[in-house]
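Enquirer: If you scroll down you'll find the structure; I have some questions about it.
FYI, it's all coordinate maths here, none of it is from the lab. Keep in mind it's a predicted model, so treat the numbers as computed, not measured.
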């Protein structure tokens, strides 16, 4: 695959208090030699800088990309890689702090020579403030950790501050997709997103949230849920048009 200029991240000058508290795993079993080589050699060429005030998406992807889509928590990357293969003229940003999942996606990127994916191997909350306003044409939050215990609900990604951040980076009419097999989290997400003034729920019938969109790609977590006989919900929201700003 073609080489890209390094887009390394730096934590120089940052303290722990500058970052939101992170919950969850960053690593699992030791990576095989081939996967570790991809992390060492391919990941630095695809990794987005987090120490700049704002990320230049044209520099990151090139001028031929017609839109940029964002997936928060891509797991093993099945959905992200498949979407990138189906849409070569769209740039994809994938956020995932779990290095084993990042390595699995890197193997798919290498195998299929995908040049339209950039990675942020850390908490998405660190990336969102650095993306330009109105720069993302579609967002995905698919089968993220539901944090089922009541005392952990504040750890869920769908919450007011993160919705504010998503609303800022999404273009007018951009689609936000949320999916989960945990109905408690589905109800939570539906309540929080519909309460937010920047989002409109696109459902018009029962089928709109129980059936997948036409371009849906099944994830590993979704497959496991369906194998257990769990029901899954697929929520689609549209970013409402921004109010026109008038000069005094």
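Enquirer: Could you work out [θ]222 nm for the chain from helices alone, using -39500 (n - 2.57) per DSSP H run of at least four and dividing by all its residues? Round to the nearest 500 deg cm²/dmol.
Expert: Result for the chain, helices only: -8500 deg cm²/dmol.
Enquirer: Let me ask something else. Would region 126-176 count as rounded, prolate or oblate if I go by the C-alpha gyration tensor, calling it rounded below 1.5 in a/c and otherwise prolate when a/b exceeds b/c, oblate otherwise?
Expert: On the way: a/c = 2.79, a/b = 2.02, b/c = 1.38.
Prolate shape, in that a/c is at least 1.5 and a/b is the bigger ratio.
Enquirer: Need one word for the chain: rounded, prolate or oblate. Basis is the Cα gyration tensor (sqrt eigenvalues a ≥ b ≥ c); a/c below 1.5 gives rounded, then a/b vs b/c decides. Don't skip to the end; give the middle numbers.
Expert: Values: a/c = 1.39, a/b = 1.16, b/c = 1.19.
Taking the square roots of the gyration eigenvalues as a ≥ b ≥ c, the chain is rounded.
Enquirer: Nearest 5 is fine: what % of DSSP beta bridges in the chain come out antiparallel, could you say?
Expert: Counting DSSP beta bridges with both partners in the chain, the antiparallel share is about 30 percent.
Enquirer: Which of rounded, prolate, oblate describes region 150-248, given a ≥ b ≥ c as roots of the alpha-carbon gyration tensor eigenvalues and a/c under 1.5 marking rounded, otherwise prolate only if a/b is larger than b/c?
Expert: Prolate is the answer for region 150-248, as a/c is 1.5 or above and a/b outweighs b/c.
Enquirer: Sticking with this structure for a sec: Would you mind pulling out the separation of the Cα centroids of region 191-231 and region 138-152, in Å?
Expert: Region 191-231 and region 138-152 have Cα centres separated by 13 Å.
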